[in-house]
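The structure under discussion appears below in the form of structure tokens.
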Amino acid sequence: MLVSEKNALTIEIEDLTKSFGDQRESLLPILQEIQLKHGHISDFAQQEIARLLDIHPVEVYGVVTFYSFLSTEPKGRLIVRLCQTITCDLAGKEAIANTLEKELQIKFGETTPDKKFTLEYCNCIGMCDQGPAMLINEQVFTKLTPSKVIEILKKFN
Amino acid sequence: MPILNKLVIFDENNIEDSLKKAISSEPQDVVMEIRESGLKGRGGAGFPTGTKWLLARSAHADKKFVVCNADEGEPGTFKDRILLDEYTKLVFEGMVIAGYAIGAQKGFLYLRGEYRYLFDKLTKYLEQMRKENRLGNNILGSNYSFDIEIRLGSGAYVCGEESALIESLEGHRGEARNRPPYPVNTGYLGYPTIVNNVETFAVAHIIVAKGAEWYSKYGTSKSTGTKLLSISGDCKKPGVYEVPFGTTISDILKLVEAENTKAVQVGGASGFCIPKAEFDRTVAFEDVSTGGSVIIFNETRDMLQVLENFMEFFVEESCGQCTPCRIGNVKLLEGLMKIRNNDCSLSYIHELVDLGRSMQIASKCGLGQSSPNPFISIMEHFENEIFSQR
């Protein structure tokens, strides 16, 4: 990481601690903003957040690794999360999973080489009446079929 | 998608003056109205709401908090999504009313990360409430001030447990606390805090408008009122339905036009599996209790696959803090994989059922205490079917 990038990140985190406050309760909102903007929370970002909130970096690391929507490793700009829980499973999740893997040419848990898509499973997203369902970032897609998946992915290309 | 089969309370449009009515009466009268209605927590645990509010109200502290638990993560549940999306007023005003009743100054809506797409809409609604003086300083010209902040979750099922939710609000890992002390005494930042489900606030709003007596006409004597059910699985008309407590499973199946039903999972992954022979049982706290999830399985479904899916869910979502839940769920899932590989004796499964019963007693929070429920109930009713198919 370049020094100028580091400085920019520090300034960004300082701004976040100004808007959310520099107390411990602000940790999660700050992490969520960094995750949203940078696709992950780097070691350096964790250390800077810890310094500005006056807590140990391990506390920050512990929180980042606890929550499934926060990550220490870079992910794609678009995170595809296919619901794997019971109703979506019964409604035909497997066919959707196969389609996604083939179209994106990656397995679940992987990121495309151009860093565009990350493919993941997630647990119940509350769309059980319209399964199979998936999230792409915060957008929700329901009643999926293989052909619908292809249409959706095209829109993001 | 609206609530299907609106029966009683969510059919009422005449609830405009609920907030005004609450704020112009004494806070303890609001608490008493809720107590008399017999309202119990709609998240599934069924703790009497009036008692919770009364305990928080009588706690001495210079700050108190109201938390709306919108971390709707139970598999098969989506009623809160619809309440937040389409009945926003009921939920937020319900929170203001609760705040007034217990003497709180601030409320949080803990919205699960998966529902982030609702965030902007909800934020706009709060701004509108502030403009209309239904939120903020001196609400509706009274001496009462209250504000609501929306906080997002980040994909952790366990944060639906109230003390884990509070930990998360405080910026920690979502690990449940020892209880007691309960949040009504020692909650957010150590201050008295009530944590209620989205539906509970919406219903409380309606009770204030229409009165406890009117409300308690519906339902059974131990479970007053109605319940929103999120119904999914093998049926023609999945969706959110409002039914009075005391409705039988078979009536629910007729409502959603389910055919050839083998079993119904009531209460989500942490709930119980009800086989066909027991479809005359009723949805009520004293019989089959649920936070709203109803999942229907028809004759073609393999109950082993269903159970594997539930146990995979718990293995992933266990926070790992206490041993019975962290190890126990893995052992239960391994047993199922042994069955799948035709490498498991029935007596070993019975041992695992015993392990499940130990987990119900020994786990620290609701997650581990209820995660063996589907294992125990599906094995109780379907072990012969599961074993004879392999």
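The values are calculated or read from the model by the stated rules, or taken from the named source; none is laboratory data. Bear in mind that the values here come from a model prediction, so they are computed numbers and not experimental data. With ideal geometry, Cβ positions are generated from the backbone for all residues, glycine too; neighbour counts draw on all protein chains shown. Areas reflect the complete protein model, heavy atoms only, side chains present, ligands, DNA and RNA absent. Shrake-Rupley method; radii C 1.70, N 1.55, O 1.52, S 1.80 Å.
Annotations
- Yes/no for A:Lys93 being modelled with pLDDT under 95, open to solvent by 10 Å² or more (accessible area, probe 1.4 Å) and within 14 Å of chain B (Cβ to nearest Cβ): no
- Boolean, A:Leu100 is crowded, with 17+ Cβ neighbours inside 10 Å and in the same structural domain as A:Ile136 (by TED's automatic domain parsing): yes
- Just one of (1) outside any helix (DSSP H, G or I); (2) touching a Gly at 6+ places or on another chain (Cβ under 7 Å); (3) more than 14 Å from chain A (Cβ to nearest Cβ) fails for B:Val31. It is (1).
Per-residue answers, yes or no, for (1) open to solvent by less than 40 Å² (accessible area, probe 1.4 Å); (2) within 14 Å of chain B (Cβ to nearest Cβ); (3) not in a loop (DSSP other than H, G, I, E, B):
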| residue | (1), (2), (3) |
| --- | --- |
| A:Ser4 | no, no, yes |
| A:Asn7 | no, no, yes |
| A:Glu12 | yes, no, yes |
| A:Leu27 | yes, yes, yes |
| A:Leu31 | yes, yes, yes |
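- Failed item in (1) under 17 Å from the mean Cα position of the chain (by Cα); (2) open to solvent by less than 10 Å² (accessible area, probe 1.4 Å); (3) facing chain B (nearest Cβ under 10 Å), with A:Ile86 passing the rest: (1)
- Reported count of residues in the range A:33-52, each being open to solvent by less than 10 Å² (accessible area, probe 1.4 Å) and of a type in the set (D, E, K, R), is 0.
- Yes/no for A:Glu101 being within 11 Å of chain B (Cβ to nearest Cβ) and free of Cβ contacts under 8 Å to residues at least 40 places away in the same chain: no
- Enumeration of residues in the range B:49-82 that are of a type in the set (Ser, Thr, Tyr), part of a helix (DSSP H, G or I) and touching a Ser or Thr at 6+ places or on another chain (Cβ under 7 Å): B:Thr49
- The condition of being surrounded by 17 or more Cβ atoms within 10 Å (Cβ to Cβ) and away from chain A (no Cβ under 14 Å) holds for only one of B:Gly50, B:Gly73, that being B:Gly50.
- Restricting the range B:85-113 to residues that are more than 23 Å from B:Tyr191 (Cβ to Cβ) and in a helix (DSSP H, G or I), the residue that is most open to solvent (accessible area, probe 1.4 Å): B:Glu86
- Filtered residues of the range A:38-51 (kept if part of a helix (DSSP H, G or I) and more than 14 Å from every other protein chain (Cβ to nearest Cβ)): A:His38, A:Asp43, A:Phe44, A:Ala45, A:Gln47, A:Glu48, A:Arg51
- Selected residue (criterion: farthest from the chain's Cα centre (by Cα)) from residues of the range B:272-287 that are farther than 16 Å from B:Thr261 by Cα and in a strand (DSSP E or B): B:Thr282
- Failed condition for A:Ser147, given (1) within 11 Å of another protein chain (Cβ to nearest Cβ); (2) more than 21 Å from A:Leu9 (Cβ to Cβ): (1)
Listed here are the residues, each with its yes/no results for (1) of a type in the set (Gly, Ala, Ser); (2) modelled with pLDDT of 95 or more.
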position: B:Val288; (1), (2): no, no
position: B:Phe314; (1), (2): no, yes
position: B:Ile327; (1), (2): no, yes
position: B:Leu333; (1), (2): no, yes
position: B:Glu351; (1), (2): no, yes
position: B:Ala362; (1), (2): yes, yes
position: B:Phe375; (1), (2): no, yes
position: B:Met379; (1), (2): no, yes
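- Considered as a group, the residues in the range A:139-157 that are in a strand (DSSP E or B) and open to solvent by less than 60 Å² (accessible area, probe 1.4 Å) include one that is farthest from B:Tyr117 (Cα to Cα), and that residue is A:Phe141.
- Among the conditions (1) at pLDDT 95 or above; (2) open to solvent by 70 Å² or more (accessible area, probe 1.4 Å), A:Pro57 misses just one, which is (2).
- Residue identified as in contact (Cβ under 8 Å) with a residue 60 or more places away in the chain and open to solvent by 20 Å² or more (accessible area, probe 1.4 Å) among B:Arg116, B:Arg130, B:Arg134: B:Arg134
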